[in-house]
Amino acid sequence: MPRKAMLFRIAGGVLVLLTGVALVAYWISWRSRRTPRAALQGARGELCGYRFGRGGSRLFLYLHGGPGYNAFDFSAFTAPLLVRAGEVVAFDQRGSGCSPRGRSSREFDLASQLDDIDRIVQEEARGRPVVLIGHSYGGLLAVEYVVRRRQVSALVLVDAPLNLTDAIRRLVEICRQRVAERGNAEAAEALGHAVTLRSLDEQVRALTTWAPACPGEVLVPPNTHPTEQQVLEMAKRAGYTDDDTVNDGLLFEAAMDSADRDLRLSPYELASVSVPVLEIVGDLDPYFPPGARSELPHARVVRIAGVGHHAYREAPKTFAEEVVRFVEEHVPTR
């Protein structure tokens, strides 16, 4: 065979090989970015969830906020970055996301939510240390679980105001100031009245009535990436419907009633949390003004600059680095 023809054949073979390698690498990369759905067993049936890094040496269990949000964004942006430290399981809480809707508000009370967490921990832990990661309202559920049910190995709280009454009152006051600056005296007066109310339900309903856009503007700062709209569009491409991405009315009613009645952790209860705790907060989150101290006596607090209420998705790499460093120091594997 002529030398030139042989060189062309070798070059062609190398090109085919490199193309094959590139396609395999692309497929692996594409697979790694997917959010793999998993059916998880709750206390009263299956819940819609996600699983990453099956068989890892620790179990991370993520509890989303809301009440009534979903676990999609954590699964899409952050969970894959934690698998080097353990298996990550996230789920849409009862009545939220793509998990089943309920028929009665009694299905969504605090005890039912804790029952679901309990069942998933029992099913998934398999002797491994468990780290609960709770965002916002999910952070309250995580602390309640540790206080009332069983000890886990560690807690990671993400933008989770443990004094919910004070946090919502602060949000109402910020929104009152905003609408006053925009010249809406009627809304400012109504929100000023709401600040004095004790009922969380009444305060939240005042916000949604008089300043429905304000909480989103405050919790998600300008120029945040990804935007809330981008996250919703991603969720819909992943199979969520419009109904999956909004609060269920029964769930919201039950959660607010439960928060007023049950989610008022006393200083004694908070002091009883003896497991290692990492609190990660965005320094632009209105629930955590500069100088705010943790409600948990032994927590390590990390503030991430330029981040609002969703630290795990606004700065996923920094978030994951902090969590991995924390668990490697405080949660030895068996």
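The values are calculated or read from the model by the stated rules, or taken from the named source; none is laboratory data. Quick caveat: nothing in here was measured; it's all calculated off a predicted structure. Because the Cβ atoms are built from the backbone with ideal geometry, glycine has one as well, and the counts that use them run over all protein chains shown. Surface areas here come from the heavy atoms of the whole protein model, side chains and all, with no ligands, DNA or RNA. Shrake-Rupley method; radii C 1.70, N 1.55, O 1.52, S 1.80 Å.
Using θ = phi - 60° and the Karplus relation 6.51 cos²θ - 1.76 cosθ + 1.60, list the HN-Hα couplings for the stretch 217-231 in order, rounded to whole Hz, with x at every Gly or Pro.
5, 7, 7, 10, x, x, 6, 5, 10, x, 6, 4, 5, 4, 5
Please list, in order along the stretch 122-137, the HN-Hα scalar couplings obtained from phi with the Karplus expression 6.51 cos²θ - 1.76 cosθ + 1.60 (θ = phi - 60°), rounded to whole Hz, x for Gly and Pro.
4, 6, 9, 5, 6, x, 8, x, 10, 10, 8, 10, x, 9, 6, 4
Among the chymotrypsin sites (Phe, Trp or Tyr not before Pro) within the stretch 69-133, which fall in a DSSP loop and have no more than 12 other Cβ atoms within 10 Å of their own Cβ?
Nothing satisfies the criteria.
Just check the stretch 121-169 against the gyration tensor rule for me: Cα atoms, a ≥ b ≥ c as the square roots of the eigenvalues, rounded for a/c under 1.5, and otherwise prolate or oblate depending on whether a/b exceeds b/c. Intermediate values should be presented prior to the final figure.
Details: a/c = 3.21, a/b = 2.37, b/c = 1.35.
Because a/c hits 1.5 or more and a/b exceeds b/c, the stretch 121-169 counts as prolate.
Suppose accessible area is computed on protein heavy atoms with a 1.4 Å probe; arrange Thr78, Thr224, Thr241 from highest to lowest. Can you show the working numbers first?
On the way: Thr78 0, Thr224 20, Thr241 70 Å².
Listed by decreasing accessible area, they come as Thr241, Thr224, Thr78.
How would you order 49-57, 194-202 from highest to lowest mean count of nearby Cβ atoms within 10 Å?
The packing order, highest mean first, is 49-57, 194-202.
Provide the per-residue ³J(HN,Hα) series for the stretch 74-85, in order, calculated from phi with Karplus coefficients 6.51, -1.76, 1.60 and θ = phi - 60°, each as a whole number of Hz, with x at glycine and proline positions.
3J(HN,Hα) across the stretch 74-85, in whole Hz: 4, 5, 6, 9, 10, 3, x, 7, 9, 5, 5, 10.
Is the shape of the stretch 86-230 rounded, prolate or oblate, going by the alpha carbon gyration tensor and its root eigenvalues a ≥ b ≥ c, with a/c under 1.5 for rounded and a/b larger than b/c for prolate?
Prolate, because a/c is 1.5 or more and a/b exceeds b/c.
Could you run the Debye sum over the Cα atoms of the stretch 171-236, one equal point scatterer each and no solvent, and tell me log10 of I(q)/I(0) at q = 0.21, 0.22, 0.27 Å⁻¹, two decimals?
The Cα Debye sum returns log10 ratios of -0.81, -0.85, -1.07.
Ser199 versus Arg44, label points 7 Å from Cα toward the beta carbon: distance in nm?
Spacing of the two 7 Å Cα→Cβ label points: 2.4 nm.
Obtain the nm distance between the two label points defined at Glu186 and Arg119 by a simple spin-label model: each point lies 7 Å from its Cα along the Cα-to-C-beta direction.
4.7
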